[in-house]
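Student: Just dropping this structure here.
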Amino acid sequence: MINLGTIGTNWITERMLEAATTIGAYRLQAVYSRHSATAAQFAHDHAGQRSYTNLTDFFNDEQVDTVYIASPNSLHFQQILQALRHHKNVIVEKPAVLSPYQLQMILDEQARQPDLQVLEAARNVHMPAFKAVEQQLATWDHVEGAEFNFSQYSSRYGQVLAGELPNVFNRKFGGGVLTDLGVYPIYDAVALFGVPQQQFYYPTWIKTGVDGKGTARLEYDGFTVILNFSKISFSNQASEIYGGRQLITIDNAGEFTQADYFTGKEQQQLSPAYRDNPMIPEMTDFAALLEQPNTRIAKERGNRERQLMKQVNQVLDRLAASAGISYPQ
């Protein structure tokens, strides 16, 4: 059984715990929040054993072996380091950190404790449909391009319009659409096609000074991948991968719940539509790594996870730099 401690009491932590409970491989031991009432209520609601408002006390909890981090982006770096230095595995919501320098420090710390895992929670690349697309692309002799779209109107954008400054739209906390939703299509592109030769980002700014929506262009050898993402508008536009007479469509670049394959007028469903909690496949994959960390397979998978995380972080950093965006370090 994997004994969890959580940092963050928002909806994504709720969804993660729902998935973890469904799998049956995790047990919630401890909850951290800056507010004692919030921490206690969240622990009570999710059968957690203890609640903390002091991070040092939280990390010293010997019953916790894995920490799930869903705090504001700019806080991830120090919290990951603290977890590793207290000999805890880490599952961290994307983006894990905000720069290659921060990530390298984390990977160096993890290398000193090779029995620990650092896992970035990018659920889309763990979905059955994503794996089916990978298998289909392996049969193609060439790719001619792709477009990945992920737009969700943020419930917090109303606060921005009212003159407030929520964390997800605050540069101080690493906010903006690139670090929030943009990471998902970046993961899609890098996991399927590798690191691009060049990358450019064209943001739309909002009054808090961060990017509310944007388009990224990734240049590969012989083809281009376009990424569209937004937190200030909603879209149902599908994502597509082009290969001459072959076409793959994906319902949503962030959720990746359904994929279809077309050749001319023929259509084939690559993966049945996924209707369950979309964090179940991710948490299932993570459990396989965390339950038997010293097996050869777990070590190889852990290394692949960290290599992909490093590549995505590199592309994210280059896209931000191309638009003149800098984040707290």
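Student: Just to be sure before I move on: is ASP141 touching a strand residue (DSSP E or B) at 6+ places or on another chain (Cβ under 9 Å) and surrounded by fewer than 16 Cβ atoms within 10 Å (Cβ to Cβ) in the structure I sent?
Tutor: Working: touching a strand residue (DSSP E or B) at 6+ places or on another chain (Cβ under 9 Å): yes; surrounded by fewer than 16 Cβ atoms within 10 Å (Cβ to Cβ): yes.
It is true that ASP141 is touching a strand residue (DSSP E or B) at 6+ places or on another chain (Cβ under 9 Å) and surrounded by fewer than 16 Cβ atoms within 10 Å (Cβ to Cβ).
Student: Determine whether the range 224-243 contains at least one residue that is part of a loop (DSSP other than H, G, I, E, B), among the aliphatic types (A, V, I, L, M) and in contact (Cβ under 8 Å) with a residue 60 or more places away in the chain. Walk me through how you get there before you give the answer.
Tutor: Within the range 224-243, the first condition is being part of a loop (DSSP other than H, G, I, E, B), and the residues that meet it are 231-238.
When the remaining residues are screened for being among the aliphatic types (A, V, I, L, M), the result is 232, 238.
Now restrict to residues that are in contact (Cβ under 8 Å) with a residue 60 or more places away in the chain: 232, 238.
Scanning the range 224-243, I find at least one residue that is part of a loop (DSSP other than H, G, I, E, B), among the aliphatic types (A, V, I, L, M) and in contact (Cβ under 8 Å) with a residue 60 or more places away in the chain, so the answer is yes.
Student: Taking the range 305-329 as the search range and keeping residues that are out of contact with any Leu (no Cβ under 6 Å at 6 or more places or on another chain) and not in a helix (DSSP H, G or I), which one is surrounded by the fewest Cβ atoms within 10 Å (Cβ to Cβ)?
Tutor: Among residues in the range 305-329 that are out of contact with any Leu (no Cβ under 6 Å at 6 or more places or on another chain) and not in a helix (DSSP H, G or I), the one surrounded by the fewest Cβ atoms within 10 Å (Cβ to Cβ) is GLY324.
Student: Determine whether ARG123 is surrounded by 17 or more Cβ atoms within 10 Å (Cβ to Cβ), modelled with pLDDT of 95 or more and on the phi < 0 side of the Ramachandran plot.
Tutor: Numbers: surrounded by 17 or more Cβ atoms within 10 Å (Cβ to Cβ): yes; modelled with pLDDT of 95 or more: yes; on the phi < 0 side of the Ramachandran plot: yes.
Yes; evaluated as a whole, the condition is true for this residue.
Student: Sticking with this structure for a sec: Would the range 308-321 turn up any residue that is of a type in the set (Gly, Ala, Ser) and modelled with pLDDT of 95 or more?
Tutor: At the first step, the residues of the range 308-321 found to be of a type in the set (Gly, Ala, Ser) are 320-321.
The next check asks that each one be modelled with pLDDT of 95 or more; those that pass are 320-321.
Within the range 308-321 (the criterion being of a type in the set (Gly, Ala, Ser) and modelled with pLDDT of 95 or more), the answer is yes, since at least one residue qualifies.
Student: Looking only at the range 72-89, which residues are within 18 Å of THR9 (Cβ to Cβ) and surrounded by 22 or more Cβ atoms within 10 Å (Cβ to Cβ)?
Tutor: Matches in the range 72-89: ASN73, HIS76, ALA83.
Student: For the range 281-313, name all the residues that are within 14 Å of the chain's Cα centre (by Cα) and farther than 28 Å from GLN104 by Cβ.
Tutor: PRO281
Student: List the pairs whose first member sits in the range 1-27 and is touching a residue at least 40 places away in the same chain (Cβ under 8 Å), whose second member is open to solvent by 80 Å² or more (accessible area, probe 1.4 Å) and of a type in the set (Asp, Glu), and whose Cβ atoms are under 8 Å apart, counting only residues at least 6 apart or on separate chains?
Tutor: From residues that are touching a residue at least 40 places away in the same chain (Cβ under 8 Å), the pairs are ILE2/GLU291; THR22/ASP276; ALA25/GLU291.
Student: Next question, about the same structure. Run down GLN104, GLN113 and say which single residue is surrounded by fewer than 20 Cβ atoms within 10 Å (Cβ to Cβ) and modelled with pLDDT under 95. Working first, answer last.
Tutor: Working: GLN104 fails: modelled with pLDDT under 95.
Being surrounded by fewer than 20 Cβ atoms within 10 Å (Cβ to Cβ) and modelled with pLDDT under 95 holds for just one of GLN104, GLN113, which is GLN113.
Student: Open to solvent by less than 50 Å² (accessible area, probe 1.4 Å) and either assigned to a strand (DSSP E or B) or more than 29 Å from PRO100 (Cα to Cα) (or both): does that describe GLU219? Show your work before the answer.
Tutor: Details: open to solvent by less than 50 Å² (accessible area, probe 1.4 Å): yes; either assigned to a strand (DSSP E or B) or more than 29 Å from PRO100 (Cα to Cα) (or both): yes.
Answer is yes for this residue.
Student: Restricting attention to the range 238-254, and to residues there that are open to solvent by 30 Å² or more (accessible area, probe 1.4 Å) and under 21 Å from the mean Cα position of the chain (by Cα), which single residue is nearest to TYR157 (Cα to Cα)? Can you show your working first?
Tutor: Within the range 238-254, the first condition is being open to solvent by 30 Å² or more (accessible area, probe 1.4 Å), and the residues that meet it are 238, 240, 242, 244-247, 251-252.
After this cut, where a residue has to be under 21 Å from the mean Cα position of the chain (by Cα) as well, the list is 238, 240, 251-252.
Details: ALA238: 23, GLU240: 28, ASP251: 24, ASN252: 21 Å.
Here the answer is ASN252.
Student: Quick check on the range 192-204. Is at least one of its residues at pLDDT below 95 and more than 18 Å from the chain's Cα centre (by Cα)? Spell out the reasoning first.
Tutor: We begin by selecting, within the range 192-204, every residue at pLDDT below 95; these are none.
No, the range 192-204 contains no residue that is at pLDDT below 95 and more than 18 Å from the chain's Cα centre (by Cα).
The values are calculated or read from the model by the stated rules, or taken from the named source; none is laboratory data. Quick caveat: nothing in here was measured; it's all calculated off a predicted structure. Don't worry about glycine lacking a Cβ; one is built from the backbone with ideal geometry, like all the others, and counts go over all protein chains shown. In case anyone asks, the SASA skips ligands and DNA or RNA and just uses the protein heavy atoms, side chains included. Shrake-Rupley method; radii C 1.70, N 1.55, O 1.52, S 1.80 Å.
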